[in-house]
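The values are calculated or read from the model by the stated rules, or taken from the named source; none is laboratory data. This structure is a prediction, so every number in the text was calculated from the model and none was measured. Heads up, the Cβs are rebuilt from the backbone with ideal geometry, glycines too, and the neighbour counts pull from every protein chain shown. Surface areas here come from the heavy atoms of the whole protein model, side chains and all, with no ligands, DNA or RNA. Shrake-Rupley method; radii C 1.70, N 1.55, O 1.52, S 1.80 Å.
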Amino acid sequence: MLKLLQAHVRQRRPRQCFLLVFKFFVSSKSIQIVGEYGGEKTKAILSLINSCNFYATPNSYSKLLAECSTSKSIHCGLQIHARIVKIGFSSNLSLWNHLINLYSKSRLFSLARQLIGEIPLPDLVSWSSLISGYAQNGLGEEAILAFHEMHLSGIKCNEFTFPSILKACSMTSNLKQGIQIHGIVIVTGFECDVFVANTLVVMYAKCGQLLDSRKLFDEIPERNVVSWNALLASYVQNSFCSKAVYLFQEMVVSGVMPDEFSISSGLNACTGSEDLSQGRRIHGSLIRLGYDADSFSANALVDMYAKLGDIEAAMMVFEKILLPDIVSWNTLIAGCALHGFHDLTLELLQEMKVLGTTPNMFTLSSILKACAGMGMIDLGRQINSHLIKVGFDTDVFVCVGLVDMYSKCGLMEDARRVFNLMPMQDLISWNAIISAYVQNLNDEEAISLFCEMQKEGFNFNQTTLSTILKSIASLQLIDASKEIHSYAIKLGLESDVYVTNSLIDAYGKCHYTEDARKVFDLCPFGDVVSFTSMITTYSLNGQGEGALKLFCEMLGKQLKPDPFVCSSLLGACASLSAYEQGKQIHVHILKSGFELDVFAGNALVYMYAKCGSIEDANRAFSGIPERGIVSWSAMIGGLAQHGHGKEALDLFQQMLEEGISPNHITLVSVLSACNHAGLINEAKQYFKYMRDLFGIEPTGEHYACMIDLHGRAGRLDEAVELVSTMPFEPNASVWGAVLGASRMHGDLELGRRAAEKLFVLEPEKSGTHVLLANMYASAGKWQKVVEVRRLMKDKKVKKEPGISWIEMKDKVHTFIVGDRSHSRSKEIYAKLDELGDSMNKAGYVPQVDIDLHDVDKSEKEFLLSHHSEKLALAFGLISTPPGAPIRVMKNLRVCKDCHTAFKFICKIVSRQIILRDINRFHHFKDGSCSCKDYW
């Protein structure tokens, strides 16, 4: 009969329909059925009650109020309330509770509270309705206060009230209150109720007590899918995504069938832990369970694939969504923008608009990323104008996107203008503008903004501290590094992975290796990034042995090296000239598949060149798939250091032919190649056209190369003229070149002038004093030598000792002049005596004129024979098989006597000797040196 009536009703006018329904169904059950038609029908029934003399029972009004609560028809509810009072049903507690429920759900809490105050004895339902209303509307504090009132009145909770009040504790992170309510749950015996237990699990997790949350979960006697969902969601929200992935697997193994919420949480966990393979397995489960048509699950799938870089899979899932909503579009577009698919991002925007979905601020934020990535500033400005028109220009999220877009396009004035015009700047916007200045290498302004942010009273987070530490590291501000370290400790961020690694980097670049190591030792995680930061610190500060030792520790922890740590290690090997260990790192690179990585490739070129194997460097250079300016500069510089000037210039020409523009470092290498090979005319040509051909203004390094080149060639007048015509004040490298040239050609007056300039620019360096003393000694002016030594003593300047080292079986052996501390000293000195006899027979004459000691000739010959590089060479000869090349490194310029001796020795022992001093490489073979005695 009901179906016949409904069919008949649909054919009539609305007013007639309501009247017919009302007349046919006069019971309370009929009111419930009619209520299912919606709020408008409820209004019609209420209108008939008011206009007719029909008598409705309290139960009828209860049903009507329930319908009002469902549809939140507050106007109807107020009319019913008035009629209840009018006809004398105000003493009916059930009606009062329905009204409290209606007002609470409709956020009319003042009316709900007033009713509770008017009820003589409000019961559990009354208070539960109010508490539930507060909790559902996000008013956690008010819900807790209402609970306290109820508790004080002596009313005990039940399994329906506890979830609401525990939800209030969760949203306010009120752990103390939550623990108290947990106690009440236990006392009242509801701890075994699955709904109460589930909300307890969520409450502890939301308050950061995941261990307690898991413990409670394990104690639930009959866990349902809601229980698992509660814990899963908690793990994901607290960023324990790897554990959440494991939990999802545990849930499936336990036999609980996941629902769409479980699967969504599992997918989010895979996204957070970057576990694409597990995400694909969950995708398979989703299809088998028939949830692939669920839009909620589909969006989670698109989000996972898009964020993890599998854009093709994300597109396939997206295309199967029948009616993609704005969330679906935004998820896909954001993933494309995140992974650099900028063209596709813009195409999706066009398709989205064609299909009738209007972009929102989240869509446009992703589009701004694409604009930044493609340098499409015009489109970015159009989006900015559109945002102003639609009123989104004041939204913080959008403004941060604009700041990012303008800064990445190099338009810092526009980025700053957007930031300044924001009506309310929050922590995210401050972080964005500071990061923008850091990215654009304006470290001073970034630090200034950080100070301004501090004055404005904003708290810092890990993003703020790790970002500003980049600028502090760049400027090498040790005091600021320590200050930020203090902030991190105060804010409890000293164990944050980003802050820790940034602190290590800052201390390292400020040359405070011990402080960096202390931070590293205290970090709880010890991941690849932290090891990379510390290894880089060792490498930057010339502590290659420390870097290699730490690398062994890293491998012992089963951590897999990445291209960055390999690059840092290769830098450490380069500083030590640790050729064998560098080759071992090369093997790690090949095993890990990093040989095509440009950073690793460049580091290999640099390492092999610095270790004296220009052939290996050239092979590494040839293996780089996409050679950039860093690759070319490293190879050109390597050839220059090895004295292959012509080859370096040929490679430079090849670089230009391939369309690669040089930078100032490349041209320093080119001029150095000319310098080492004595190619004056070629150097003059490149120097002359630097500005016109390449748009590069010569720096002090370029002038120093040219001055050194002229000085070595004996053109001191031209060198001095270059100094006088420089557009800026000559720096230490320029005057150092003048002093070196003066010493080489015995110009005492010019050398004295250059030394006086260096005493002002670098008063702490001993090299200037030593070179000046050498000049006076060569001219036989011993009194002047004494004066220079006295000056060094007065200024407390200590001469840097000559140190040489050689790598043997993964160990570096170091020597100083006259060193007898080595375990094989007797063999080393015996070998030197043997070599000395052979050299004397071959015509070797010691260069005693270079020795500054005021002693007789025989004593000078004895001192010269025990120079550090000779000791290292002798150790190499007794420790390596016949015919093997020997690589020796020295921290200073090799002396003329050792250079002469090495030419004799290489012929006597039939070995190639590769010596690296502070200036260049010397390849000794068959009685001659690759430098052609020009160093």
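The table below gives the values:
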| read-out | value |
| --- | --- |
| Relative contact order of the chain, defined on C-alpha pairs under 8 angstrom at six or more residues apart (%) | 4 |
| Sparse-neighbourhood loop sites, GluC sites (Glu not before Pro) in region 434-468 - DSSP loop, at most 12 other Cβ within 10 angstrom | GLU456 |
| Charge dipole of region 483-639 about the Cα centre (unit charges at C-beta), most positive-ward option of GLY526, ALA488, GLY546 | GLY546 |
| Region 267-413 - Debye-derived log10 I(q)/I(0), Cα point model, q = 0.12, 0.13, 0.22 Å⁻¹ | -0.51, -0.59, -1.31 |
| Computed Rg/Rh of region 637-732, alpha carbon atoms with Kirkwood Rh | 0.96 |
| Karplus 3J(HN,Hα) series, Hz, for region 282-288 with 6.51 cos²θ - 1.76 cosθ + 1.60 (x for Gly, Pro) | 5, 4, x, 4, 4, 5, 4 |
| Cut-off 16 Å (backbone N to label point 7 Å along Cα→Cβ of GLN180), residues of region 134-157 | 140-157 |
| Cα-Cα over 32 Å, subset of LYS206/LYS509; LYS583/LYS646; LYS307/LYS583; LYS156/LYS490 | LYS206/LYS509; LYS307/LYS583; LYS156/LYS490 |
| Ellipsoid semi-axes in whole angstrom, largest first, where each is sqrt(5λ) of the Cα gyration tensor of region 456-544 | 20, 15, 10 |
| For region 537-562 and region 154-181, distance of Cα centres in Å | 51 |
| Cα-only radius of gyration and Dmax that characterise region 312-380, units Å | 11.4, 35 |
| For region 686-732 and region 362-397, distance of Cα centres in Å | 47 |
| Most to least packed among 213-225, 119-131, 297-309 [average Cβ atoms within 10 Å] | 297-309, 119-131, 213-225 |
| Long-range HN-HN contacts of MET808 with modeled amide H, under 5 Å | HIS813 |
| Option label - Cα Rg over 2.2 N^0.38 Å computed here, alternatives (1) 1.35; (2) 0.91; (3) 1.06 | (1) |
| Highest-first arrangement of 385-391, 284-290, 918-924, where packing means the average Cβ count within 10 Å | 918-924, 284-290, 385-391 |
| At q = 0.10, 0.12, 0.20 Å⁻¹, base-10 log of I(q)/I(0) for region 164-296 (Debye sum, equal scatterers on each alpha carbon) | -0.33, -0.46, -1.10 |
| Karplus 3J(HN,Hα) series, Hz, for region 780-788 with 6.51 cos²θ - 1.76 cosθ + 1.60 (x for Gly, Pro) | x, 8, 5, 5, 5, 4, 4, 5, 5 |
| Among VAL252, TYR305, ALA337 - extreme Cα towards positive end, dipole of the chain, charges at beta-carbon | VAL252 |
| Euclidean distance of C-alpha centroids, region 438-488 and region 629-643, integer Å | 36 |
| Globularity ratio of region 324-476, using Cα Rg and 2.2 N^0.38 Å | 1.08 |
| Relative contact order of region 880-933, defined on C-alpha pairs under 8 angstrom at six or more residues apart (%) | 36 |
| Total charge dipole magnitude, region 415-484, about the Cα centre, Cβ charges on Lys, Arg, Asp, Glu only, Debye to nearest 20 | 140 |
| Spatial extent of region 89-194: Rg and Dmax, with the Cα atoms as the point set, Å | 13.3, 42 |
| Neighbourhood net charge (12 Å Cβ-Cβ; Lys/Arg +1, Asp/Glu -1) for LEU344 | -4 |
| Electrostatic dipole magnitude of region 289-393 [Cβ: Lys, Arg +1; Asp, Glu -1; Cα centre; debye, to 20] | 360 |
| Amide hydrogen neighbours beyond the local backbone of ILE803, cut-off 5 Å, H modeled | ASN891, LEU892 |
| Residue (of SER724, ALA603, ILE100) at the positive-pole extreme of the chain, dipole from beta-carbon charges | ILE100 |
| By average C-beta atoms within 10 angstrom, highest first, the peptides 437-443, 624-630 | 437-443, 624-630 |
| Solvent exposure, largest accessible area first (probe 1.4 Å, DNA, RNA and ligands not counted), of MET316, MET150 | MET316, MET150 |
| Kirkwood Rh (inverse of mean 1/r, distinct Cα pairs), region 239-290, angstrom | 10.7 |
| Relative contact order, percent, region 452-528 [alpha-carbon distance under 8 Å, six or more residues apart] | 31 |
| Vicinal HN-Hα couplings computed from phi for region 641-656 (Karplus, 6.51 cos²θ - 1.76 cosθ + 1.60; Hz; Gly/Pro x) | 5, 8, x, 8, x, 5, 5, 5, 5, 5, 5, 4, 5, 5, 4, 5 |
| Student exercise, the chain dipole from Lys, Arg, Asp, Glu Cβ charges, in Debye to nearest 20 | 1340 |
| Candidate lysines - alpha carbon under 27 Å from LYS781, same-chain residues fewer than 8 apart omitted | LYS757, LYS765, LYS793, LYS795, LYS796, LYS798, LYS799, LYS857, LYS860, LYS896 |
